[in-house]
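Engineer: After the structure tokens below, expect a handful of questions from me.
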Amino acid sequence: MDEINQHAKETEHEVDDDMMVEEAYQRLLKSYLSSPHRKKVDIINKAFNFARQAHKGVRRLSGEPYIMHPISVALIASEEMGLGSTSICSALLHDVVEDTDYTVEDIETIFGQKVAQIVDGLTKISGGIFGDQASAQAANFKKLLLTMSDDIRVILIKICDRLHNMRTLSSQPANKQYKIAGETLYIYAPLANRLGLNKIKNELEDLSFKYEHPSEYENIKDRLATTEQTRNILFEEFTAPIRKALDKMGMDYEIRARVKAPYSIWMKMQNKNVTFKEIYDILAVRIIFTPKSRETEIDECFKVYVAISKLYVSHPDRMRDWLNHPKANGYQALHVTLMSKQGKWVEVQIRSKRMDEIAEQGFAAHWKYKDGEVAEDSELSNWLHTIKEILDDPQPDAMDFLDTIKLNLFASEIFVFTPKGEIRTMPAGCTALDFAFQIHTFLGSHCIGAKVNHKLVPLSHRLQSGDQVEILTSKSQHVDPSWINFATTAKAKAKIQAILRRDVREIQKAGENTLREFLEKHGLELTTSALDRLCEFHDIPKPEKFFQALGNKNILLGEKDIDELLERKSKGSTKTGWRRLVPFLGSDKKKEKEKDPNKAEEANEPFIVPKEFNRKKPFFINDDNIRRLMFPSCCRPIPGDDILGFIDNKNHLEIHRRDCDVAAKLKSSFGNRIIDAKWDMHRQTFFDATIHITGIDRIGLLNEVTGVISSQLNVNMKKLVISCNDGIFDGTISLRVYDRHEVEIIIDSLKAISDLKEIQQIV
């Protein structure tokens, strides 16, 4: 009887699954059929049935049938990006080759070359492009970009795939959440931004923020909800006169409120060290109109601006004209900032319906290519060309590669002119050196300076929008290693590094030949063991570095080297073997050492992650094991911070803040080594925290500050540095605290002191 009941339940479950899948697929078809694309339903049906059969019986971690994921990805491609049948088929099939026995050749035979090419680009590879120790994520991302250079739809579908994974991330364990959220924030959100997918970029950022900093995310969401009514009143009062003016002009328009996304709000709070209340651009207004014709839409944008500037005073320094010179991702609009009657600055974005569509969906909305080929004269084509140049150069390090690509993604733009008056789009903050490499690699590698607006400037000179730039060159000039310090664009950095690596390889080759000749002269061979002994003897960690030192003549070989090799002794290293960059001071362990010296010595040994370690479960940091962990100086986490663990190459455990820049790279490059770490401290261990204060100097101010910290809060100050210049008080205070909550109490207490204007923790 139990078996019959069980069978009935399974049958009922299968029926429910089939209904769920069918409903999802019908929604996809409905979305496609309502689009302007040619209706190729047969090929989509074929792809759906093929994928459904291939993934039959497989479930996601959430418990739903696996086929729901490809359908959801295809729906995002159709509904939110407006892509056609080739993309929808590729989205439905994107996991088939990776997760089943079918091959790319099978896909090509059944669905054609284009679909097979896209599916191949979306299929992860085994083995690393960067070598055994390198990151699978970076290798797969490199493959993705290589295929993207041939068909941009590869990256568009990958972004759809990533968006659905982020929407369903709650079913994953915490360490996977940090990995996926981290690489999303580091790579995929900037990619979406670069492709003009503004709506998707915002959602990717917010979802990453939600999983990396859940309490901050909920706090901002709550604050947005509680201030919604006030914003609505401001919006209605501000737009009422604008509506009257536009109605009088006879325009066909709509006005929307744009509320700043939680992640953007949080980033502004962090970067500018302000509270939620102090952020004044949470609300923006969008005026979207239907122009009389495509030719007149820019003129009509300016007519709208003239009309509303008669109603409100505009901010002279905050007008942005993206109409005549669109952003590299195709974005066009006129941005102006107006003073409302309530005394608040409000940004107004003026754009046509066509511009609005591009603003939300970017290149996915406006096909500037046919069958996946990008128009030669488009900004996207120029960007893809830069990506190809970076990919053509072999990158020895996964994180360097990701950094180089990322440099080319998130950057505001300026416009500069060549000596002949040709306009070039460049990232904001770029230098004359960047401009030289942007024109041509030969020009960049031989430049000695530049003339900006006919005045001589160094290569490190930062360009401004509207500058006219002439690059000066010399055949005798050669790339200098110091250039990497002021090059800012991905192309310039990649080319400089490539040239320097080529030079280093030549030096290393010369060093290797020097060593070989030296050993042969003394009747010895160049073996791995001999090389290792010489590296250890000269305290150089890698053979490549040893060859380089020989090639540069920093090391001169002599009799001592021969003696070392002939003795065949491996001298012990004087190094400690690991570095403990810890930001905590610890409690007194003297008594513990007296009680049990062996235990105290063991407590100072680095923690080695065992092979059987379960990476899906959280690792708890407590007062007993904290001295065995590594706390790199990049972010100095203390109890109360959102943290994660990273298993390094020696199986030691590093602890980082989740918003640390280094952690962001680690999540993107080595996500399989990320673990969930949690605090389990009991206020026995002190940590270093530094607070920076500025204000208006007066007699007794310092006394009040120290009184609050020492007397009122009973917190121990480790160091106090104060300076005063032109009546402005500036100081840093190093404290010994138990946790983040204690730092927040100190900052809140200091805010009560009159004349202290800025108080922030230095990380």
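The values are calculated or read from the model by the stated rules, or taken from the named source; none is laboratory data. These numbers were taken from a predicted model, which means no experiment stands behind them. Note that we place each Cβ from the backbone using ideal geometry, even for glycine, and neighbour counts take in every protein chain shown. Heavy atoms of the whole protein, side chains included, go into the accessibility calculation; ligands, DNA and RNA do not. Shrake-Rupley method; radii C 1.70, N 1.55, O 1.52, S 1.80 Å.
Engineer: All but one of (1) hydroxyl-bearing (Ser, Thr, Tyr); (2) closer than 23 Å to Ala677 by Cα; (3) at pLDDT 85 or above hold for Ser135, so report the exception by its number.
Structural biologist: Among (1) hydroxyl-bearing (Ser, Thr, Tyr); (2) closer than 23 Å to Ala677 by Cα; (3) at pLDDT 85 or above, Ser135 violates only (3).
Engineer: On the basis of being part of a loop (DSSP other than H, G, I, E, B), in contact (Cβ under 8 Å) with a residue 60 or more places away in the chain and in contact with a helix residue (DSSP H, G or I) (Cβ under 8 Å, 6 or more places away or on another chain), does Leu311 make the cut? Break it down into steps so the answer makes sense when it comes.
Structural biologist: Details: part of a loop (DSSP other than H, G, I, E, B): yes; in contact (Cβ under 8 Å) with a residue 60 or more places away in the chain: yes; in contact with a helix residue (DSSP H, G or I) (Cβ under 8 Å, 6 or more places away or on another chain): yes.
Here the answer is yes, as Leu311 does meet what is asked.
Engineer: Scan region 739-760 residue by residue and report those that are crowded, with 17+ Cβ neighbours inside 10 Å, in contact with a strand residue (DSSP E or B) (Cβ under 7 Å, 6 or more places away or on another chain) and not in a helix (DSSP H, G or I).
Structural biologist: Across region 739-760, the qualifying residues are Leu756, Ile759.
Engineer: Still on this model: If you go through region 138-160 one residue at a time, do you hit one that is under 15 Å from the mean Cα position of the chain (by Cα), in a helix (DSSP H, G or I), modelled with pLDDT of 90 or more and crowded, with 20+ Cβ neighbours inside 10 Å? Show your work before the answer.
Structural biologist: Keep residues of region 138-160 that are under 15 Å from the mean Cα position of the chain (by Cα), which gives 138, 141, 159.
Pick out the ones that are also in a helix (DSSP H, G or I) and you get 138, 141, 159.
Next cut, modelled with pLDDT of 90 or more only: 159.
If we keep only those that are crowded, with 20+ Cβ neighbours inside 10 Å too, we end up with 159.
For region 138-160, residues under 15 Å from the mean Cα position of the chain (by Cα), in a helix (DSSP H, G or I), modelled with pLDDT of 90 or more and crowded, with 20+ Cβ neighbours inside 10 Å: present.
Engineer: How about region 332-352: which of its residues are over 29 Å from the mean Cα position of the chain (by Cα), of a type outside the set (A, V, I, L, M) and open to solvent by 10 Å² or more (accessible area, probe 1.4 Å)?
Structural biologist: Lys341, Gln342, Gly343, Lys344, Trp345
Engineer: Conditions first: (1) at pLDDT 90 or above; (2) within 27 Å of Gly362 (Cα to Cα). Ile187 passes all but one, so which condition is the exception?
Structural biologist: The single condition Ile187 does not satisfy is (1).
Engineer: Also, I was wondering about something else. Among Leu524, Leu534, Leu515, which is buried (at least 17 other Cβ atoms within 10 Å of the Cβ), aliphatic (A, V, I, L, M) and in contact (Cβ under 8 Å) with a residue 40 or more places away in the chain?
Structural biologist: Numbers: Leu524 fails: buried (at least 17 other Cβ atoms within 10 Å of the Cβ); Leu534 fails: in contact (Cβ under 8 Å) with a residue 40 or more places away in the chain.
Every option except Leu515 fails the conditions.
Engineer: Looking at (1) at pLDDT 90 or above; (2) touching a strand residue (DSSP E or B) at 6+ places or on another chain (Cβ under 7 Å), can you tell me which one Ser90 breaks?
Structural biologist: Of the numbered conditions (1) at pLDDT 90 or above; (2) touching a strand residue (DSSP E or B) at 6+ places or on another chain (Cβ under 7 Å), the odd one out for Ser90 is (2).
Engineer: I'm trying to understand the selection: among the residues of region 271-304, which are within 22 Å of Gln342 (Cβ to Cβ) and touching a residue at least 60 places away in the same chain (Cβ under 8 Å)?
Structural biologist: Tyr280, Asp281, Leu283, Ala284, Val285, Arg286, Ile287
Engineer: List the number of the failed condition for Pro606; all other conditions in (1) more than 17 Å from Lys176 (Cα to Cα); (2) under 25 Å from the mean Cα position of the chain (by Cα); (3) buried (at least 17 other Cβ atoms within 10 Å of the Cβ) hold.
Structural biologist: Tallying (1) more than 17 Å from Lys176 (Cα to Cα); (2) under 25 Å from the mean Cα position of the chain (by Cα); (3) buried (at least 17 other Cβ atoms within 10 Å of the Cβ), Pro606 fails exactly one: (2).
Engineer: May I ask you to list the residues in region 236-252 that are within 17 Å of Val285 (Cβ to Cβ), free of Cβ contacts under 8 Å to residues at least 40 places away in the same chain and open to solvent by less than 80 Å² (accessible area, probe 1.4 Å)?
Structural biologist: Correct list: Ala240, Arg243.
Engineer: Part of a helix (DSSP H, G or I), under 18 Å from Ser34 (Cβ atoms) and open to solvent by 40 Å² or more (accessible area, probe 1.4 Å): does that describe Glu79?
Structural biologist: Details: part of a helix (DSSP H, G or I): yes; under 18 Å from Ser34 (Cβ atoms): yes; open to solvent by 40 Å² or more (accessible area, probe 1.4 Å): yes.
The answer is yes for Glu79.
Engineer: Also, I was wondering about something else. Considering only region 648-700, state which residues are buried (at least 20 other Cβ atoms within 10 Å of the Cβ), without any contact (Cβ under 8 Å) to a residue 60 or more places away in the chain and of a type outside the set (A, V, I, L, M).
Structural biologist: Matches in region 648-700: Glu654, His656, Cys660, Arg673.
Engineer: Can you tell me which residue among Asp120, Asp106 is part of a helix (DSSP H, G or I), open to solvent by 20 Å² or more (accessible area, probe 1.4 Å) and modelled with pLDDT of 90 or more? Give the derivation first.
Structural biologist: Working: Asp120 fails: modelled with pLDDT of 90 or more.
Result of the check over Asp120, Asp106: Asp106.
Engineer: Hey, another quick one. Output the number of residues of region 211-235 satisfying the condition of being open to solvent by 40 Å² or more (accessible area, probe 1.4 Å), among the charged types (D, E, K, R) and farther than 19 Å from Met267 by Cα. Before you say what the answer is, go through the steps one by one.
Structural biologist: Filtering region 211-235 down to residues open to solvent by 40 Å² or more (accessible area, probe 1.4 Å) leaves 214-216, 218-219, 221-223, 225-230, 232-233.
Next cut, among the charged types (D, E, K, R) only: 216, 218, 221-223, 228.
Checking the rest, the ones that are also farther than 19 Å from Met267 by Cα come to 228.
The number of residues fulfilling the criteria is 1.
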